[in-house]
Structures are given as C-alpha cells and as structure tokens.
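The values are calculated or read from the model by the stated rules, or taken from the named source; none is laboratory data. Everything numeric in this text was worked out from a predicted model, so none of it was measured. Here the Cβ positions follow ideal geometry from the backbone for every residue, glycine too, while neighbour counts run over all protein chains shown. The accessibility values were calculated without ligands, DNA or RNA, using every heavy atom of the protein model including side chains. Shrake-Rupley method; radii C 1.70, N 1.55, O 1.52, S 1.80 Å.
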Amino acid sequence: MAIFALTACDGGADTPEARGPGGVAPDRPAPEQVVTMRGRVMQVPAAGDGTDEFFVHHEESPDWPNPDGGRGMMEMTMGFTPERGVSLETIEAGDAVEMQVAVRWANPSYMVVTEITELPIDTQFQIRGEAISTTHTADTPSTAPGTAPASQPGHHDHHDHGAHHGTHHGHHH
C-alpha cells in the first residue's frame, strides 16, 4: 500500500490506478453505486465555457439508485460530469456512448462519470426518437390468429340436381 500512496503525489493522478474505489478521485468517499448507462451524446462542453458537463440522452436505467432508496430512472437527457482525469476529447455530439457513473447521495454527494466508452455510431438505443426496429412487431397484421384459410375443402355444392325431377310418372298401358 505504501507504493500506492506515493504514486498519488507524483502527478500520476490522471492514471486510473490513482483513483479510489469505483474509479472516483482519491479524495472522494466511495460511491454507493456505480451504474452502467448507455445513450446518445446530445451536447458537449464548449471550450472556455467554464464547465465540463456534457449531456446524454440515456436509456432507461433500472439500476439507478434514487435518494429514497428506490431504483430506476426513465430515459431522459441529463447532464453528466466526468471525473477528474476522464477525457471527453474524442466525444462529440451524436456519439453513442457507454458510461460508468459513480453515484453517492450521502454527504458529500456526487455523480461523476468514471469511464466513458464510444460505441459504434449506429448503435440503436431504447430511447424515443431512435429508429428501433424490434419493438413494434406486435401490430403487424401479417398472420393474425383467427383468420380462416381462404379455401375450405369439402363445402362445394355436390347436390345431384337431376335426381328429384319426377321423370317416372307411372306407366300408361
């Protein structure tokens, strides 16, 4: 452990090894949860605007820890802050990303992105406005149950129409 303590002071704080539990900066208390979130980058910080917050329209997150102890967050666009040492240099609006988000509600609370990974640009997310081809198959009327086949054999009209025309009216001698 002594070696680890020394590396934090030599300017190596930008390396993941120098981060604390959950990938957060060493001076933070451990996160209560680290959640994986995926979504589309909507906005990245502009140079010189004094913030490194970026906005992502993320998928629904059933694992998201809520302050009241519940779980889950619906899909929405929200701002995220990268942890110190996490670079957004290659991230731009429109990118598909997967993030590790460290969350702590207890004081001192924080929510920081400890890891961000670019996904293929054509990744399809379960979010509004994305072209999702797999969720709308139930209402296609291709083979709806209950529609009878067109031809039903055995129901043709096979009455012999010549059988009951009284042709035999007795014999006249």
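Over the range 51-103, what percent of the accessible surface lies on carbon and sulfur atoms, probe 1.4 Å? Walk me through the numbers before you get to the answer.
Details: 1170 of 2500 Å².
Reported share for carbon and sulfur atoms: 47 percent.
Report, by chain and number, residues whose modeled amide H sits under 5 Å from the one on MET76, excluding near sequence neighbours (fewer than 5 apart, same chain).
HIS58
Arrange the peptides 112-122, 64-74 so that the one whose residues have, on average, the most other Cβ atoms within 10 Å appears first.
Working: 112-122: 15.1, 64-74: 11.7.
Per-residue Cβ counts within 10 Å, averaged per peptide and sorted highest first, yield 112-122, 64-74.
State the extension gain, in nm to one decimal, for the chain segment bounded by ASP27 and ASP122, taking 0.36 nm per residue of separation less the distance between their alpha-carbons. Walk me through the numbers before you get to the answer.
Details: separation 95, 0.36 × 95 = 34.20 nm, distance 3.77 nm.
Separation in residues times 0.36 nm, less the Cα-Cα distance, equals 30.4 nm.
With a 1.4 Å probe and every protein chain left in place, tell me how much accessible area GLU60 has, in Å² to the nearest 10.
That residue has around 130 Å² of solvent-accessible surface.
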